[in-house]
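One structure below.
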Amino acid sequence: MAVYPAMLRLAGRRCLIVGGGTVAERKADGLLAGGADRLELVGLSFTPRLQELARQGRLELRLREYRGSDLDGVFLIVAATDDASLNARIGQEAERQGRLFNDASGSAPSSFETAAAVREGSLLLAVHAGGEAPALAAVLRSELELRYGGGRYAEAARRMGELRRMLLEQEPDAAVRRERLRREARRLADWAAAGDSPPDGPLAGEDEAAAVEAEAIKRRQQST
Ligand SMILES: C[C@@]1(CC(=O)O)C2=NC(=C\c3[nH]c(c(CCC(=O)O)c3CC(=O)O)Cc3[nH]c(c(CC(=O)O)c3CCC(=O)O)/C=C3\N/C(=C\2)[C@@H](CCC(=O)O)[C@]3(C)CC(=O)O)/[C@H]1CCC(=O)O
Ligand SMILES: NC(=O)c1ccc[n+]([C@@H]2O[C@H](COP(=O)([O-])OP(=O)(O)OC[C@H]3O[C@@H](n4cnc5c(N)ncnc54)[C@H](O)[C@@H]3O)[C@@H](O)[C@H]2O)c1
């Protein structure tokens, strides 16, 4: 079945995982990495790592059976118990209430599924295999980690963000902005792929952000 990639902003929104085993733990790690700061879990047992995360105040654990009212006011729900019929029931209730729902056991149609993801600064590289091949998604994720990990692409994204903010302020022509951003993206991607200087070292060649800043100073001087 076709899926649509959308990035969720979870800060300030209540997220719920039902279950406390190894799958719930992986989903919790993913939600925390994805910005969830109001994460609750309901389960009859919790892994040591989930208990540690609760001690650190990153999430809340409720050691009890799931009940329907757990869905009240929740933005997103993951059903990760080892009881497929319970997961399916949670799914039906969640869908009826229009909540975002993911069933880790695949027993109910989910409104969202999780991808295997690599995070490098503001960059997110995600692999999803349509629900057919999660193990392949995991293998491709480790390949992406090898290829894009290590900080250089994060640095490239950071510099692009800086340049883009500067251009949005100082360059009124959208076509010129686009051309400069494309050119700089190509240059930084080549730099990141070459891997021949530390990410915090100077970049070879013209630095676009510095050039835009210099132009702006020149323009300000001319207008005074
Ligand atoms: C990508 C990843 C993200 C994450 O969960 O964080 C993810 N599964 C991962 C690993 C993984 N999952 C499973 C194995 C064992 C090998 C195997 O069975 O293939 C492995 C590999 C391993 O453990 O090595 C078993 C499994 N998974 C699902 C079912 C139920 C079913 O298919 O019906 C069963 C059978 C359970 C059983 O046998 O009872 C269902 C789903 N798993 C998904 C995502 C969604 C589809 C994603 C896609 O197709 O791309 C979907 C549909 C729903 C969802 O969970 O969102 C994460 C890799 C993270 C990483 O390493 O980066
Ligand atoms: N999506 C995936 O990537 C993936 C991978 C492997 C397995 N699975 C599926 O996920 C399910 C869970 O796997 P696991 O390894 O975490 O299992 P697990 O046995 O380690 O954990 C199951 C959890 O469900 C909780 N639970 C059971 N009944 C409950 C209830 N009524 N109310 C609240 N909590 C309840 C238990 O307390 C436990 O914490 C498996 O059955 C399998 O179908 C999914």
Looking at segment 66-95, which of the residues that are small (Gly, Ala, Ser) and within 16 Å of ligand 1 (Cβ to nearest atom) is farthest from the chain's Cα centre (by Cα)? Ser85
Those residues of segment 41-68 that are more than 13 Å from ligand 2 (Cβ to nearest atom), among the small types (Gly, Ala, Ser) and more than 15 Å from Lys27 (Cα to Cα) come to a total of 1
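With the condition kept exactly as written, say whether any residue in segment 62-85 is more than 28 Å from Ser142 (Cα to Cα), assigned to a strand (DSSP E or B) and in contact (Cβ under 8 Å) with a residue 12 or more places away in the chain. Working first, answer last.
Filtering segment 62-85 down to residues more than 28 Å from Ser142 (Cα to Cα) leaves 62-75, 83-85.
Next, from what is left, pick out any that are assigned to a strand (DSSP E or B): 62-63.
Those left that are additionally in contact (Cβ under 8 Å) with a residue 12 or more places away in the chain: 62-63.
Yes, because at least one residue in segment 62-85 is more than 28 Å from Ser142 (Cα to Cα), assigned to a strand (DSSP E or B) and in contact (Cβ under 8 Å) with a residue 12 or more places away in the chain.
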Do any residues in segment 26-54 that are more than 22 Å from Asp83 (Cα to Cα) and in a loop (DSSP other than H, G, I, E, B) have Cβ atoms under 8 Å from those of residues that are more than 16 Å from ligand 1 (Cβ to nearest atom) and of a type in the set (Gly, Ala, Ser), where the two are at least six apart or on different chains, and which pairs are they? Gly35/Ala11; Ala36/Ala11; Asp37/Ala11; Asp37/Gly12; Arg38/Gly12
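Condition check: touching a Leu at 6+ places or on another chain (Cβ under 8 Å), buried (at least 19 other Cβ atoms within 10 Å of the Cβ) and not assigned by TED's automatic domain parsing to the domain that holds Val42. Does Ala156 satisfy that? So that I can check it myself, show each step before the final result.
Numbers: touching a Leu at 6+ places or on another chain (Cβ under 8 Å): yes; buried (at least 19 other Cβ atoms within 10 Å of the Cβ): yes; not assigned by TED's automatic domain parsing to the domain that holds Val42: yes.
The answer is yes for Ala156.
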Output the number of the condition that Gly130 fails; it satisfies all remaining conditions of (1) on the phi < 0 side of the Ramachandran plot; (2) not assigned by TED's automatic domain parsing to the domain that holds Asp37. (1)
Go through segment 6-25 and report how many residues are within 11 Å of ligand 2 (Cβ to nearest atom) and surrounded by fewer than 16 Cβ atoms within 10 Å (Cβ to Cβ). 1
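The values are calculated or read from the model by the stated rules, or taken from the named source; none is laboratory data. Just so it is clear, the model here is predicted, and its values are computed rather than measured. Virtual Cβ from ideal backbone geometry, glycine too; neighbours counted across all protein chains shown.
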